[in-house]
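Structure record follows, encoded as structure tokens.
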């Protein structure tokens with residue numbers, strides 16, 4: 001099964017969108033979008049921020065589905081707690 005980041009990246013590329021387009025559309029910084037695509041959870045202050053940004057990213061690339069929401073929730077639960 002593909003990670004959340006892989007799913008979002010593939011959907012973005014299928015739609016011919018760049019991270020710049022997604023950033024402009026969602027107002028999510030490009031650094032954060034890159035971290036989501038790379039499944040770099042260390043870049044997020046909390047699970048809440050990861051889930052929120054990943055859901056907005058998903059909606060921007062047309063993946064606002066229950067399956068994606070479940071995958072985002074599972075990924076967030078697997079994240080280490082911030083210090």
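The values are calculated or read from the model by the stated rules, or taken from the named source; none is laboratory data. As the structure is a prediction and not an experimental result, all values here were calculated from the model. Neighbour counts are summed over all protein chains in view; Cβ atoms, including those assigned to glycine, are modelled from backbone coordinates with ideal geometry.
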> Which one of these does residue 63 not meet: (1) closer than 22 Å to residue 16 by Cβ; (2) touching a helix residue (DSSP H, G or I) at 6+ places or on another chain (Cβ under 8 Å); (3) modelled with pLDDT of 95 or more?
Replying inline: (3)
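Show me the helices (runs of 4 or more DSSP H) entirely contained within segment 1-51 in which 1 or more residues are touching a helix residue (DSSP H, G or I) at 6+ places or on another chain (Cβ under 8 Å) and touching a residue at least 40 places away in the same chain (Cβ under 8 Å). Spell out how you get there, then give the answer.
Values: elements: 4-14, 19-26, 30-37.
So the answer is 4-14.
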>> Looking at segment 53-83 only, could you name the residues that are under 14 Å from residue 26 (Cα atoms) and loosely packed, with under 15 Cβ neighbours inside 10 Å?
In response: 59, 62, 64
> How many residues does segment 18-42 contain that are farther than 14 Å from residue 4 by Cβ and surrounded by 14 or more Cβ atoms within 10 Å (Cβ to Cβ)?
Replying inline: 7
